[in-house]
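What follows is a single structure, written as structure tokens, with notes after it.
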Amino acid sequence: MNDTKIKARELVEQVKKLKPEVEEKKINAEMKSKKAEIEEKAANVVLESQSKVKEEVEQKKNSAFKFLQNCEKELKEADKFKSQATKSVENLKDDAIREVGAYKQENILKMAGVDKMLMAVMLIVNGKSSLSEMKNTLKPKNLKQFDLNLIETDFEK
């Protein structure tokens, strides 16, 4: 039994010697735990911010996709109109073109809607919406050989 008491005392002495080291390790562990909590909170803030940014990016992506679909739809419609316009120009008779080209400007201005239509044709064909150059512009060759692809659109400027 004396051996057991001696051993017990030795163990108690060893525990007393290790106690400061254990306390120091406990303090270090608590500090690391607090630091980990702070870092976790910061990571959660970043994660939340990234989630918001990701959501915004998805919304912009969806909006851009809808815009693209709308553009494609409008391009198809524009191609239909272009095709119809090309066919209409092909069906124009040279005499009819010459006749309109011979109209006097003051007579055209009296015709409701005709003046605006001819101004639009002038704008497309020679880049000016003036009727003053109509006689030189409205010729069968000018209209039938006009390349519709030369027309500038707002987004090309």
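The values are calculated or read from the model by the stated rules, or taken from the named source; none is laboratory data. Computed from a predicted structure; not experimentally measured. No Cβ is skipped: glycine too gets one built from the backbone with ideal geometry, and neighbour counts run over all protein chains shown.
Residue selection: SER49 fails the criterion of being of a type in the set (Ser, Thr, Tyr), surrounded by 10 or more Cβ atoms within 10 Å (Cβ to Cβ) and modelled with pLDDT under 80. Annotation: PHE67 fulfils all but one of (1) exposed (fewer than 10 other Cβ atoms within 10 Å of the Cβ); (2) farther than 25 Å from LEU143 by Cβ; (3) not small (Gly, Ala, Ser); the unmet one is (1). Among the residues of the range 55-102, the ones that are among the basic types (Lys, Arg), over 17 Å from the mean Cα position of the chain (by Cα) and farther than 22 Å from ASN149 by Cβ come to 2 in all.
One line per residue, one yes/no per condition, for (1) surrounded by 12 or more Cβ atoms within 10 Å (Cβ to Cβ); (2) within 21 Å of PHE81 (Cα to Cα); (3) in contact with a Phe, Trp or Tyr (Cβ under 8 Å, 6 or more places away or on another chain):
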site	(1), (2), (3)
ALA102	no, no, no
GLN105	yes, no, no
LYS110	no, no, no
GLY113	no, yes, no
ASN126	yes, yes, no
SER130	yes, no, no
GLU133	yes, no, no
GLN145	no, yes, no
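For the range 18-33, a residue qualifies if it is surrounded by fewer than 10 Cβ atoms within 10 Å (Cβ to Cβ) and either charged (D, E, K, R) or not in a helix (DSSP H, G or I) (or both), and exactly one does: GLU21.
GLU99 meets each of the listed conditions (1) farther than 30 Å from ASN136 by Cβ; (2) assigned by TED's automatic domain parsing to the domain that holds LEU138 apart from (1).
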